[in-house]
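The values are calculated or read from the model by the stated rules, or taken from the named source; none is laboratory data. Every value quoted in this text rests on a predicted model; they were computed, and no experiment measured them. When we count neighbours, we look across all protein chains shown, and the Cβ atoms used for this are built from the backbone with ideal geometry, even at glycine. Ligands, DNA and RNA are excluded from the accessible area calculation, which covers all protein heavy atoms including side chains. Shrake-Rupley method; radii C 1.70, N 1.55, O 1.52, S 1.80 Å.
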Amino acid sequence: MTGTAAKRAKIMPKIGTHNGTFHCDEVLACFMLQQLPEYTDSEIIRTRDSELLKQCDIVVDVGGVYDPKKHCYDHHQRTFKETMNSLCPEKRWTTKLSSAGLVYLHFGNRVIAQIMKTKPDEPITQIIYDKVYENFVEEIDAVDNGISQSDEAPRYTVSTTISSRVGHFNPKWNETNVKEIDGFNKALALVGSEFIDRVDYYHNNWWPARTLVEEAMQQRYECDPSGEIISLNEGGCPWKDHLFSLEAEMKLNPSIKFVLYRDTNDKWRVQCVPLRLNSFENRFYWWQQHIQWGIDNG
């Protein structure tokens, strides 16, 4: 080894994680860390050898220790029960954290800021941080910890989640001459691409739509005297969760029942507001049923 190579090897930061079957949580944890300046050129050491792990600058998903002061971020120890809410009480999420969630909790603001080219303490960074946890990282935490979405038996199987797709990169039981690290690197590329895509979407597409929804809500009586219909100036924008959050902030009563917008063919469309996010029930049907029930039983 030349002097330059030896010096580079000495100063190259090392991220430690376990070898063997890999999962989405440590893959995402490693990817997020590599977005930070101090770990950009890091080497990922995959081992369960405690002596080798001691030589790493940071260790995720292995070692049986959660200690931020020592840069140890494992969640497998029996005593570990931490959630976003328990470690950061102003956050509402109570799903047990995996190594991905732990790294996101401690480094996520800086990671998001690095990707968006903002500052960690800017309000927009915190807004996107929360949205990405709720709609990307929390799922990975839950899957890795074996937490089901529902207490009821599922009606069908979902086998295309990002955690499932990462699992398929592991060597098959009857494959030979397969390098485990090749599959890990493919998983790293997949998870990294989807993570960045999600940050970009919430920053550049989802958040700007809030202004359109807010303007439409402020002008709702110009659209219809009832105040229950809004018209968006741009069709196709993600409006639903903005509408719910803005209604709560504005203490709107009556609530919005219909949203009008032009589609890509410049034709007017009308959409009922759902009863709640991700619900196929809508407010107007629910309102009709309850009003009718009140009349019939009044």
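Of note:
- Once you reduce segment 175-202 and segment 86-150 to the center of their Cα atoms, the two points are 19 Å from each other.
- Counting Lys and Arg as +1 and Asp and Glu as -1 over every other residue whose Cβ lies under 12 Å from the Cβ of residue 209, the net charge comes to -2.
- Solvent-accessible surface of protein heavy atoms, probed at 1.4 angstrom with all chains present, puts 132, 178 in the order 178, 132, largest first.
- 30 Å Cα-Cα reach of residue 81 towards lysines, excluding residues that sit fewer than 8 places from it in its own chain: 14, 54, 69, 70, 91, 96, 131
- The ellipsoid that matches the Cα gyration tensor of segment 1-139 has semi-axes, each √(5λ) in whole angstrom, of 27, 20, 11, with the longest given first.
- The angle between the Cα long axis of helix 283-296 and the longest principal axis of the Cα atoms of the chain comes to about 50 degrees, rounded to the nearest 10.
- Rounded to the nearest whole Hz, the Karplus-based 3J(HN,Hα) values (6.51 cos²θ - 1.76 cosθ + 1.60, θ = phi - 60°) of segment 148-165 follow the sequence 6, 5, 9, 7, 8, 5, x, 7, 7, 9, 9, 10, 10, 5, 5, 5, 5, 5, with x at glycine and proline.
- Under 5 Å, built H, 5+ apart or other chain: amide partners of residue 43: 14, 15
- Where labels lie 7 Å past Cα in the beta-carbon direction, separation of residue 197 and residue 173 in nm: 3.1 nm
- The angle separating the long axis of helix 24-33 from the principal Cα axis of greatest extent in the chain is about 80 degrees.
- Mean separation of Cα contacts under 8 Å, 6 or more apart, over the residue count of the chain: relative contact order %: 13 percent
- Each Cα pair under 8 Å and six or more residues apart adds its separation to the average, and for segment 1-112 the resulting relative contact order is 26 percent.
- Remark: the chain carries 60 Å² of accessible area per residue (probe radius 1.4 Å; ligands, DNA and RNA excluded).
- Whole-Hz ³J(HN,Hα) from phi, Karplus 6.51 cos²θ - 1.76 cosθ + 1.60, for segment 35-49, glycine and proline x: 7, 8, x, 6, 10, 4, 9, 6, 9, 8, 9, 9, 7, 10, 6
- Surface accessible to a 1.4 Å probe, residue 121 within the full protein complex, Å²: 130 Å²
- Per-residue ³J(HN,Hα) for segment 213-219, Karplus 6.51 cos²θ - 1.76 cosθ + 1.60, θ = phi - 60°, Hz, x for Gly and Pro: 5, 5, 4, 5, 6, 5, 9
- Taking all Cα pairs closer than 8 Å and separated by 6 or more residues, the relative contact order of segment 68-170 comes to 22 percent.
- Solvent exposure, largest accessible area first (probe 1.4 Å, DNA, RNA and ligands not counted), of 173, 207, 268, 93: 173, 268, 207, 93
- For residue 43, the accessible surface of its heavy atoms amounts to roughly 80 Å² (probe 1.4 Å, protein chains only, rounded to the nearest 10).
- Gain in span if fully extended, residue 85 to residue 119, counting 0.36 nm per residue against the direct Cα distance: 9.9 nm
- Percent accessible area from carbon and sulfur atoms, the chain, protein chains only, probe 1.4 Å: 50 percent
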